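The values are calculated or read from the model by the stated rules, or taken from the named source; none is laboratory data. Everything quoted here is computed from the prediction, not taken from an experiment. All Cβ positions, glycine included, derive from the backbone under ideal geometry; neighbour counts span all protein chains shown.
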Amino acid sequence: MLAGLTEVSSGGLFLAGKEIAGAGPDRGVVFQAPCLLPWLTAFENVMLGVNQVYYTATTEERRQIAEYYLTVVGLSDAMQKRPAELSQGMRQRAGIARAFALSPKMLLLDEPFGMLDSLTRYELQDVLLDLWQKDQKTALMVTHDVDEALFLSDRVVMMTNGPAATVGEILEVKFPRPRSRKQLLEDPRYYELREQLIGFLEERSHLRPPPQPALPPATPPATPRRRFLGLPVAA
């Protein structure tokens, strides 16, 4: 809903005092799977958004914006390669560069490192923090990784399970910035917060809404039918 990809059923969402209506460049989105157009290079994928947002800038200025963010995420030598020539981690770097290059008011990150190996995940977490440190945009990130949540965030909103999920608890993470993993691992508060998060996942996250009354059984069809290979066949 925040990205403008799903309709809001009731109420409204406001960003910087303006109600959100549909998708827009004021929100940069990084998906779990890198969504790059396969026939374009990493540079051209970033330029798609840059050309739309910075339409009053010169061609050279727009090129510099795209190259700057691709360089910051570590793709200076690969920006002219197509997605098929890039590793999964490199594609995600391009996705992060594309989101930041739009200079959005808010970043939305949906499990951006969930498909990566541990080493690449740690590297890209550092890349994300380095980029965030430059302008400190508000970011909303979905993650199932407890350590990732504590390392990156200032506030963790814990959700209960199920389609009818609700906010369970909100945990303030007050470690100073800039952060390092070594610093966090040496801080006893880190383990206290970690235990609190895991305790919620093991206990309260499985709370379910009260059961709904059972529906009356459906009236059976007049002619019994059975299915074979997915096709209805008369009995």
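When region 36-61 is limited to residues that are surrounded by 19 or more Cβ atoms within 10 Å (Cβ to Cβ) and either polar (S, T, N, Q) or over 23 Å from the mean Cα position of the chain (by Cα) (or both), the one that is nearest to Phe113 (Cα to Cα) turns out to be Asn45.
Hey, can you tell me all the residues within region 5-15 that are exposed (fewer than 13 other Cβ atoms within 10 Å of the Cβ) and assigned to a strand (DSSP E or B)?
Phe14
Among the residues making up region 181-217, a single one is assigned to a loop (DSSP other than H, G, I, E, B), surrounded by 10 or more Cβ atoms within 10 Å (Cβ to Cβ) and at pLDDT 90 or above: Asp187. Phe151 - would you say it is at pLDDT 90 or above, of a type in the set (Phe, Trp, Tyr) and part of a loop (DSSP other than H, G, I, E, B)? It is false that Phe151 is at pLDDT 90 or above, of a type in the set (Phe, Trp, Tyr) and part of a loop (DSSP other than H, G, I, E, B). Scanning region 102-117 turns up one or more residues that are buried (at least 18 other Cβ atoms within 10 Å of the Cβ), closer than 30 Å to Val8 by Cβ and without any contact (Cβ under 8 Å) to a residue 40 or more places away in the chain.
Within region 22-34, if we keep just the residues that are within 12 Å of the chain's Cα centre (by Cα) and either in a loop (DSSP other than H, G, I, E, B) or modelled with pLDDT of 95 or more (or both), the residue that is nearest to Arg63 (Cα to Cα) turns out to be Pro34. Of everything listed in (1) more than 26 Å from Gln183 (Cα to Cα); (2) of a type in the set (Lys, Arg); (3) free of Cβ contacts under 8 Å to residues at least 40 places away in the same chain, the single unmet condition for Arg121 is (1). Leu2 versus (1) surrounded by 16 or more Cβ atoms within 10 Å (Cβ to Cβ); (2) in contact with a strand residue (DSSP E or B) (Cβ under 8 Å, 6 or more places away or on another chain); (3) under 21 Å from Asp135 (Cβ atoms); (4) not basic (Lys, Arg): which is the lone unmet condition? With respect to (1) surrounded by 16 or more Cβ atoms within 10 Å (Cβ to Cβ); (2) in contact with a strand residue (DSSP E or B) (Cβ under 8 Å, 6 or more places away or on another chain); (3) under 21 Å from Asp135 (Cβ atoms); (4) not basic (Lys, Arg), Leu2 is out only on (1).
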